[in-house]
Every structure is written in C-alpha cells, then in structure tokens.
C-alpha cells in the first residue's frame, strides 16, 4: 500500500509530555488537576462551554506524581477538558492537529495522552541529553517531494516497520544547529506507517505548526523529539518510530492508530524561537505588580499592598515590533500565573519551555489581554474574579471565587 501526502486537518488537541492517546481539544475548566510540581501546566483556558479552534500540535500526557491519572495538555475527553486528567478517573484519549506535544503543548494539532515524562523537565545535570537518531533502511525508504513552505507529497510502501526510531535527512538546511534546550518551530505531516493512512499536518504556509522544546521528558512524544534533535534550521527530515516512541501500548482509536501501529512524520525545521520577550522596555504603570526578571527571563512577581483593580487591567512591560495578536491567532508564549492576595504561583511555563495555544480557547480575560498586543511584547494581565477568569474558583489550584489573577506573559510568536 502506498501512503500519499496531502494532509487533511483532523480535529485534535494540544500537546504535552506524552503517554499516548489522542483526544479532541476543548478549553480546560477551572476544576482540573494540577500539573507537575502541583502547578497547572495548561494555559488559562475557559470554563466549559466556549470551545475555541483546535490548536495545531502533538503531545502526550504526563502523570502526576500523586495521582494515577494521566495528565493532558489542552484537550477534551468526553466532558473533561484541559490539561488535567479526565474527571471520571479514566485515562483520557485525544485527537489530532494539536497532538504533537507531550506536556499538558501545543498546543496544536496532534496531541496524545501517552508516555509520561518526568515531572521536572528542565534541562539539568540529572536530565538525560537528547541523543541523535541515525537513519535506517525504513526511514530511507520514504520519498518526499515539494517545497518546504508547502505541505509535502509523501510516498512510501506500507507497512513500514522498525524496531527503533530512524531519522533520515531529506533536505539539508543551512541554518543554525538545533541544540539542547532550544525551542523550535516546526511544520509536520503525519502518517500511520503501518496502514499508510494520512493523519494530519500543520505549520505550512501561514498555518500554526508546533513548538518543540528540545529537552527529554516533556514537550512532545519521543518520536517527534528525536526527529527534531540534532537537526539544522532548514532541514526536512523523515522519522519513523515504533509505538514505544509514539502512542505506547494503547494506540489511539480516535486517529485509527492501533497499539502495534508505527508512525511516520515528515518534519520541517522552520526556526529557533526566542524563549523570552525581546521588545523594548516600557515604563512600569503605577498600581500594577512589580516584575523582576531572572537572567533567563523568568519573572518574579511582587504584588502591591493596594487593592486589585475591579476591571480587567493590562500593562505593557516590553513592546515588541512583531505582528499583532488577533482573536484567531495561535500564540506561543511563556507565562506565569499568580494570585494577587497571596502572590502564590499556580501555573507557569518557565522551566518547561514556551507553549502554544489558540487565543480564542482561553479564559475571557486572558484572551482580551492578549488581543492587540504584538509579538515580542511582555504584558501583565490582571483579571478580576468572575466571568473574565475562573468563575467559582478552583480549589485544586488554590484559586478561590474571590481571587484576582495576575499573568505575566511573554509573547514569542503568533500565527
């Protein structure tokens, strides 16, 4: 059988450290479980009801150290949404176009609830470096045609089968080498290598693709990470991987991926992304929290002693010169979320890497605070309790129904 590649976009979820299953994306509600280190790793998605467009990424879920639940990124499992486990206690399964990330990433188009990454994915002396992956007869058998800016035509004789992941460079790029800890924007076309069926694609033309953080134990399913590692910007690679580096022993019934099916991804390495806002510093606004940045850009937020504003308030700390965010954008950001009254951080991407999600899939206050801001900017968004935030609060996250929320957001990219 021949797999041929014009990819139809399948409704899927975002990505995160992966276990492996897919599910449909739906914004998470404020009653979800926390992420690694008892912090939410989902972006601030809205309560159930408003469902934004599917993100474009692939990921997997991670397992909370204190729970048997598999955590998801931006996803929906039945009525369960977000990066938390589904509330019935069952393992959640996701769908495509945001599945590419493993953390609870991407979101984006293909997301999975698969292999569980470490709860602390930040590169460190105890984190195993991402190894380079060699080509093999299986990945060499894939033929790819077309320009890098457009979705490729992919031809291969199914079934493809390999015992270990193989990666072949189809086109060599001339850009910078991808290194450990980099955040990388990619385009991708995904196939069931066993049946030849086309799964999904993203990132070609003006479409949102996937952000991959090159660190073991988080971000995307291992097969995607192995395809990106040791590449150069401009490379086009074909990576074929067995279930162990894909959706694991469960497969993904929604995508038609059986437990024994292998996967093929054709990946274009588009660019390295900054990991922090790069815009011009602006004068702080009186009455807002104070933000102090570490050497890597991670913010420490100090709340003022005054009462919080009763309406949505936005402060620009750095002004970027990139494209303006719209209601239909998919953004890549670094963010920290904290509570005004206590200063407690309940959610952040720092230590994991930039994350992507559709603007329209977020809580109302976060969406309103982002729309109109430019890429490269750092903004502070203060969201009063009620309908603009997590109405009713979130006991697990330590958010009460009267809490005012503060988000510091670095806008890295928008598509």
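Throughout, read-outs are computed from the coordinates displayed, never taken from laboratory work. Here the structure is a predicted model, which is why all the values come from computation and not from measurement.
Solvent-free Debye calculation, one equal scatterer per alpha-carbon of the range 215-363: log10 I(q)/I(0) at 0.16, 0.17 Å⁻¹ equals -1.08, -1.16.
So what is the diffusion coefficient of the range 280-414 in µm² per second by Stokes-Einstein at 10 °C and 1.306 mPa s, using a Kirkwood Rh over Cα pairs? Once the numbers are plugged in, D ends up at 107 µm²/s. Relative to the current alpha-carbon distance between residue 341 and residue 371, full extension at 0.36 nm per residue lengthens the span by 8.2 nm.
The length gained on full extension between residue 176 and residue 286, counted as 0.36 nm times the residue separation minus their Cα-Cα distance, comes to 35.4 nm.
Quick note on the range 260-325: its Rg to Rh ratio, both from C-alpha atoms and Rh being the Kirkwood radius, is 1.19.
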